[in-house]
Amino acid sequence: MKDMRGIMFMLAFLSLCAGPALRAGESSKPGPYLVGGERHGRSFFPAVDYPETRPLKPGEIDFRHYHKYDEVVSFLRQWEKDYPDIVSLYSVGKSCEGRDIWQITITNKATGKDTDKPAMFLEGNRHSGEVTAAESALYFAWHVLTRYGSDPEITRLVDSSALYVRVKNNPDGAELYLNTAQSNRSTVRPHDSDGDGLLDEDPPDDLDVDGYCRQMRIKVEKGKGEFVVDPEDPTGRLMKRAAEGEGDYLLYSEGLDDDGDGKYNEDGVGGLDLHRNYPENWRPEPGRDRTGRGWTQLGAGAYPLSEPETRSVVLFLLEHPNVSVGQTMDTAVPMHLRPPSTSRSEESMFAEDLAIYRHFDAEGKKITGYPYAGDVYWDYANIGRREWRRMMRGGEDEEEGPAGRPLFGHSPDFGYFYYGAVWYGDELWNGGRVKDYDGDGRITPLEVLSWNDEALGGRGFKDWTKFDHPQLGEVEIGGYNPKFFSQNPPVEFLEEWARNEALFNLLLAKSLPRVKVVSAEAKPVKKSAGVFELACVVVNEGFLPTALRRAERVKIVRPDRVEIGLPQGAALEKGFRPRVEIGRLKGGERKEVRWRFRLAPAPEKAGQGAEAEPVDRRPAETEPPIVEVTISSTRGGVDRKSVTVNR
């Protein structure tokens, strides 16, 4: 009977999808939203018009709502029109579903090519549901563009640097997230997440049709459950993991067991993780290690850079080695997150590079107020363990000590170990862990709930409501809003989080290396007719060195070099070369380079001497000779200075 009830329920549920098909951005009217790819499960879902995705005023930017793909593209196009001298818009590739992946370059075109300047790369929305990252990337670009010409520091930054901003690197996943009740990790490419040979066969279901897939709880006999109602919560809303033999509730994510394996929603749309698809320390998916004894990584993809979204990032960066700083943002642990991902920092990073990272860790926390900063393998892993114990167990577990946890194919490791840059993968938002009411230094689940009630009037948590489940019988559906509370901030708090992270990223951009020819002067060499010595002083005006030690090690950069360009007929003296490699320049460091060269004899003026005719009247030789000095740095940019040689 339950099987027949399940079939009837499914037919009724699918009938909710009746109406014209909706692809993201085409309409705000509810109807089926279609997902690309061939899968064993559904490829269409009821579309949801979330109030959180509606602008305050169409066509005007605000950070009190989450921007969908088409709205983001419209602003990028408008900025290219409004700021033609400093904005270039272009597609860097196509997503899995064929959407353009748009990126802008912000730089003053009149002061030189972007590739001749130090640069920063900024990316948002790699993970489908972590849409706060896209908002911060968009805020960063908006902040820079609207202050160019009025803010001296930002004006200098845009004049002398290049900022590459990619607001949505995963438009397919973000559109699924912002237009349906579904959530997935990254790309929508069909994936066998549970290893049963089927693709995307068991996605979550919005059973109560409120626009979200929350949680289901079922009351069972004591000892047969894994959870209890948290005794500290008088409202009976919070659940707490129970001691063995004490549990009287089971918890599931909201939905049906579509494939009849006893599990719920274990294989939804997609499943690959763009943040495990980078080439550095990549590992195969579980089941693909033929020995069964090696490390594997869920979501890694078929091979490194198998996904067009990640591939477009890596290829762009390898074609633009002028990038010194990378930032690819996620949610939802408030943390400045950096490499390494497979070892402790001191074990694998150059000490000089690590000191730079730790400087930014500290400065970042001052700007954003994030409580955490550190590496992925140790710091993030242990923060995650503590947070999980607090949320699920209700307190610390003294028996479990700290331990590292590796992540493979991770962007911070690509950014530092492979690409030799300062690279962060910052985590925005805190899942509602905002206020420590009792001042004991930790925020408990009850305090999260209290903040929800105080700041949001309780709307972040849906009270448990009875529902007749076709497979489980009577259940209760409820819990936190998974999209705009747990994973991303409620819209009234969005701008604060987008802004604070953007200001940290602005600090990173202002810290770029920047080479400059400070002085260049040519003087005659005594007792050597026609010979001059040119002394040139160059400096790195930026905070960062022109190359991290790691960048030198992996040869992603060439040594900085200073070059002299002589006028026609001039020649360097023996022992001097036109190009001089000077290694790398630390922040603020100066170096001097000297050359000796001989000029061709100056032509005689008409009427001088018995053999004054014919007189060479070429204009180039009647003007004082000009020598040009150029410093070229892979990541510090290019600068030139012309020197007039007075005979």
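The values are calculated or read from the model by the stated rules, or taken from the named source; none is laboratory data. As the structure is a prediction and not an experimental result, all values here were calculated from the model. Glycine also receives a Cβ, built like all others from the backbone with ideal geometry; neighbour counts cover every protein chain displayed. Accessible surface areas use protein heavy atoms only, side chains included; no ligands, DNA or RNA. Shrake-Rupley method; radii C 1.70, N 1.55, O 1.52, S 1.80 Å.
Points to keep in mind about this one:
- LYS365 - accessible surface, heavy atoms, 1.4 Å probe, Å² rounded to 10: 80 Å²
- Here is the size of the chain from its Cα atoms: Rg then Dmax, 30.3, 122 Å.
- Between 0 and 90°, nearest 10: helix 351-368 axis offset from the chain longest Cα axis: 60 degrees
- Accessible-area ranking of LEU176, LEU572, LEU56, largest first, probe 1.4 Å: LEU56, LEU572, LEU176
- Judged by the ratio a/c of the largest to the smallest principal axis of the C-alpha gyration tensor, the range 201-243 counts as oblate, that ratio being 1.5 or greater while a/b is no larger than b/c.
- Accessible-area composition of the chain, carbon plus sulfur, in percent [1.4 Å probe]: 50 percent
- Among the listed pairs LYS81/LYS483; LYS81/LYS516; LYS113/LYS641, a Cα-Cα separation exceeding 23 Å is found for LYS81/LYS483; LYS81/LYS516.
- With Cα atoms, 0 to 90° folded angle of helix 132-147 axis to the chain main axis: 40 degrees
- Anisotropy class of the range 478-560 from Cα gyration tensor, a/c 1.5 cut: prolate
- Each other residue within a Cβ distance under 15 Å of GLY409 adds +1 if Lys or Arg and -1 if Asp or Glu, for a net charge of -1.
- Percentage relative contact order, the chain, counting C-alpha pairs under 8 Å, at least six apart: 13 percent
- Student exercise, the chain dipole from Lys, Arg, Asp, Glu Cβ charges, in Debye to nearest 20: 3520 debye
- Seen against the Cα atoms of the chain and their longest principal axis, helix 308-319 is set at about 20 degrees.
- Surface per residue (accessible, 1.4 Å probe) for the chain, Å²: 44 Å²
- Only one residue of VAL517, THR132, TYR66 has its Cα farthest out toward the positive end of the dipole of the chain, where Lys and Arg carry +1 and Asp and Glu -1 on Cβ, and that residue is VAL517.
- Sparse packing (at most 13 other Cβ atoms within 10 Å of the Cβ) combined with a DSSP loop state is found for the following GluC sites (Glu not before Pro) in the range 54-138: GLU60.
- The range 271-312: C-alpha pair distances exceeding 13 Å, %: 44 percent
- Largest to smallest accessible area among ARG561, ARG405, ARG290 [probe 1.4 Å]: ARG290, ARG405, ARG561
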